[in-house]
1. Within a Cβ distance under 12 Å of B:Thr189, other residues only, what is the Lys/Arg minus Asp/Glu net charge?
2. I want to verify a result. In a Gaussian network model of chain B, Cα cutoff 10 Å, which of these has the top mean-square fluctuation: B:Val389, B:Val251, B:Val221?
3. Based only on other Cβ atoms within 10 Å, what is the fewest-to-most ordering of B:Ser151, B:Ser225, B:Ser290, B:Ser359?
4. Rounded to the nearest 10 degrees, what's the angle between the helix A:249-267 long axis and the longest principal axis of chain A, both from Cα atoms, 0 to 90?
5. Say the dipole of segment A:109-192 comes from +1 at the beta carbon of Lys and Arg and -1 at that of Asp and Glu; which of A:Gly191, A:Ala116, A:Gly175 then lies farthest toward its positive end?
6. Apply the a/c threshold of 1.5 to the C-alpha gyration tensor of segment A:193-239 and tell me whether it is rounded, prolate or oblate.
7. Please compute the Cα-Cα pair-distance distribution of chain A with 20 Å bins starting at 0, giving whole percents from short to long.
8. Would you mind listing the distances between the A:Ile76 label point and the same position in each other copy? Use 7 Å along Cα-to-C-beta, nm, one decimal, shortest first.
Protein chains: 2
Amino acid sequence: MPTIAPSARLSIDPARLVSRLDELGEIGAISGTIGCARLALTDDDKAGRDLVRTWMEDLGLDISTDGIGNVVATMIGFDPTVTPVMMGSHIDTVATGGRYDGNLGVLAGLEVIETAIAAIDRGELQLDRPLAVGWFTDEEGARFAPDMLGSLVYVGGMPLEDALEIEGIDGAIVGDELDRIGYRGAAPTPGRVPHAFVELHIEQGPVLEDAGITIGAVEGVQGISWTELTISGQSCHAGTTPMRLRRDPGVVASRVNVFVRELAERFGGAQVATCGVITHTPNLVNVVPSQVTMTVDLRNTSESKLQQAEAEFHRFVHEVADAEGVEVEFRTLARFEPVDFDPRVVDLVAATADARGLSTHRMPSGAGHDAQMFARVCPAGMIFTPSVVGISHHVHEYTEPADLEAGANVLLDVVIGLAGTEFTS
Amino acid sequence: MPTIAPSARLSIDPARLVSRLDELGEIGAISGTIGCARLALTDDDKAGRDLVRTWMEDLGLDISTDGIGNVVATMIGFDPTVTPVMMGSHIDTVATGGRYDGNLGVLAGLEVIETAIAAIDRGELQLDRPLAVGWFTDEEGARFAPDMLGSLVYVGGMPLEDALEIEGIDGAIVGDELDRIGYRGAAPTPGRVPHAFVELHIEQGPVLEDAGITIGAVEGVQGISWTELTISGQSCHAGTTPMRLRRDPGVVASRVNVFVRELAERFGGAQVATCGVITHTPNLVNVVPSQVTMTVDLRNTSESKLQQAEAEFHRFVHEVADAEGVEVEFRTLARFEPVDFDPRVVDLVAATADARGLSTHRMPSGAGHDAQMFARVCPAGMIFTPSVVGISHHVHEYTEPADLEAGANVLLDVVIGLAGTEFTS
């Protein structure tokens, strides 16, 4: 069991952290907002990478770039056979992104390393292992699918050669774009397995703010089931077609939306259900739609409950489609099983926050993160900080400076603690 | 009470009627289909008008064009103080139109007049009143709102000067377009009130075909209530936002869709209800929508029942919106009270079809038609012929030649009967 670092008296420099977040956020800035757009492997992503690499160089870190463009910077002066405690996240964003999502995990990692180096120099800190911080290519998946691509390749979940051939929404190819921006590196993939991995991230949801909690100790990542339904009925005139002769795919889509809402409320716990997409064709006021496309996003921390939700959802769709006389085509857009983070890391996050006098809450992550890839190969965990109004992937994404500072200080203590911990299993 | 015409032995020439429908349908033809596009007052509409006017001229009819471009052709050789029995409809189409909607009422009227003139010449028919056929500008409303514009102006429902200033979806102005295509005429509006008005039209719905009936005796036009709802909630991440913190306008829209479907089934009778438009913003799989726009189309032949449906719908929207914590803005897009056709005309249509050995069914019209404007000023009625699969406003719109013939023959008998009828009220 890791113990809370005795170095809890160390603290990061909050002004430096915020200043770097702001400076990085100016690259690809969306005019008139605090948001930014740096889709993976674009010119703006390159500019962001170049800036963060400069900061890594300024700290004298050992910087390696691998074949998918993941960049990892490691403290020097340690026995090269000792694996580092790694922090990190991503610096690509969605098209209407904020300056915290991903960026916080990278720049807080950098801030932790700068703080640790200074403490070592002052003789106030000794580390058995180096600390490292990385950013991982195309976490958002907004340009190239799948998301979490760089960390997936890092942990050996996808061969590099397959990843390099992926075509983006704009027709660009990953390998070509890496060459173009100069970030196809020589470090091998799969990458070196770290001693442990910790990612600080904004919550991207309203739970912490709603409960007035500063630190989320993330227990795992929800399993995700995305289904697209294409429902085909009979288009007809809204005035001239009696109800008994209708085969309305819009009514079926609406029944499904109401059903999955009620399913989520009935299941309770971590179950969520969302119909984000409902598209009527032809979408005219006086025409019963001929076809409706909709998506159903089901998530749960329990794989068995997620499977139960999927089964109920499928059964209901078949029932209402038969009753209405419409055809339904199912397409699975994504399916990930839940991920459990290492309980030793989760406990350490919670205990560290507590020792710092910060309120803390154990919770799942509803979104996917690079840390879940590292959970396949080493003890891994995450720290959440609150998102104002729960907003993310939006130019209004914001986290209070005091919460950024608290999160980075917990990250500091946790990685120092992990550097002093030998895991026996 | 009008009586069935003793001239029931007369019959129209079905080949000539179908040939003219096909020839007119070639103007603005949609390549690879039997559909056509002649939006009101476009070059294609002008070409269609010119063709039909040529046919009117060939029959030696007295042709008048009024200030809104309505064209009426009347048999000559009658006392000019005797008002005609008028037939007619429109020849403009929607952008993805068929060759029957509107066109049938005009060309069947022409066919009836040609048949009557030949019978008079052969000494087989005497008429106390002339027959007339007209087409009315912009019935579809697909380019200029409101629909049924020409007949509305004809019966005095809108001042001509207001109509001439209407701007279309493409920025064009009605008066300018009439001048451009040479169809701003000198005949006054409101136009001369006919003795009676009868419109033959395809059903545009599946009722007749479904019941195996050839002739619909149209009792009236359903009242129409169109409402647009703009539902504003809180966009959030589909994974990270617990159900209890959601304010999802998509769920509200779906509940409304299911509610109005069930309302229509509960009301029964002529009540129909349709949510043709449901538009999610941003319409992404993993984002709870911030806003949803939807339309609710309610129709009934009874004004009191329509008002009851509207009241229940409004109450339900407020209830579910309050429960979900979303804001709803209501906008009335259209509201027309039901129209009753003259029962003497309805009875005559039914009795005439029966006398011809044709199956017949009394029914409302779910769509608006020029005849409902004439119902404001004179005895008016409509005859429906079946639409294959109920399809209309679509390039697949089709009516069997035998049904076209049956409909035109009923029209022939009905107008001859009306020409011999003096209405006492």
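1. Local net charge: -1.
2. For chain B, modelled as a Gaussian network with Cα springs under 10 Å, the answer is B:Val251.
3. Least crowded to most crowded, the residues run B:Ser359, B:Ser290, B:Ser225, B:Ser151.
4. Value to nearest ten degrees: 50.
5. My answer, from the dipole projection, is A:Ala116.
6. oblate
7. Calculated over all Cα pairs of chain A, the distribution is 26, 52, 19, 3, 0 percent.
8. So the distances to the same position in the other copies read 10.7 nm.
Rule-based calculations on the coordinates, nothing more; no lab input. Keep in mind that what you see is a predicted model, and the values were worked out from it rather than measured. Virtual Cβ from ideal backbone geometry, glycine too; neighbours counted across all protein chains shown.
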